[in-house]
Amino acid sequence: MGGRRAAAVPVIATDLGGVRGVIRDGENGFLAGDWKEKIERLRDPATRERLGRAGRATVESTFTIDAAYAKLKSVLESVERR
């Protein structure tokens, strides 16, 4: 994989705009709301590890040049077959 790599650090992100389409609350990060509760949950090392890994996997499968190329290639191939 080329380019920068995701840092695998868990996030608490604002629930605005397109963020909800990327962050799945409690699965690959936390969506803001009760900040105190979310920060408390991040005190657990296993939770930080799980969210960090899931967040990195999301970035690598969705936001890399390789992922964008694969999606574009698929779209172009489907158009070509018509």
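Rounded, prolate or oblate: which fits the chain, taking a ≥ b ≥ c as square roots of the Cα gyration tensor eigenvalues, rounded meaning a/c under 1.5, else prolate when a/b beats b/c? It is prolate, given that a/c is not under 1.5 and a/b is the larger ratio. In order along the range 73-82, the phi-based Karplus estimate (6.51 cos²θ - 1.76 cosθ + 1.60, θ = phi - 60°) of 3J(HN,Hα) comes to 4, 4, 5, 5, 5, 5, 5, 5, 6, 6 Hz; Gly and Pro are listed as x.
Segment Arg20..Arg48, full-extension length gain: 8.1 nm, with 0.36 nm per residue of separation and the alpha-carbon distance subtracted. Modelled spin-label separation between Ile65 and Glu80, with each label point placed 7 Å from Cα along the Cα-to-Cβ direction: 2.1 nm.
Report the trypsin sites (Lys or Arg not before Pro) located in the range 43-79 that are in a DSSP loop and have at most 10 other Cβ atoms inside 10 Å of their Cβ, or state none.
On the way: sites: Arg43, Arg48, Arg50, Arg53, Arg56, Lys71, Lys73; in loops: Arg43.
Qualifying residues, ordered by number: Arg43.
In the full protein context, the chain carries 74 Å² of accessible surface per residue, based on a 1.4 Å probe and ignoring ligands, DNA and RNA. For the chain, with all protein chains present and a 1.4 Å probe, just round the carbon and sulfur fraction of the accessible area to a whole percent. Solvent-exposed carbon and sulfur of the chain make up 57 percent of the total.
Between amide H atoms placed 1.01 Å from N, distances below 5 Å from Gly29 occur with Arg24, all of them 5 or more places distant or on a separate chain.
The values are calculated or read from the model by the stated rules, or taken from the named source; none is laboratory data. Treat the numbers as computed from the prediction; the structure is a model and nothing was measured. When we count neighbours, we look across all protein chains shown, and the Cβ atoms used for this are built from the backbone with ideal geometry, even at glycine. For the accessible areas, the whole protein counts, side chains as well, though only heavy atoms, and no ligand, DNA or RNA atoms are used. Shrake-Rupley method; radii C 1.70, N 1.55, O 1.52, S 1.80 Å.
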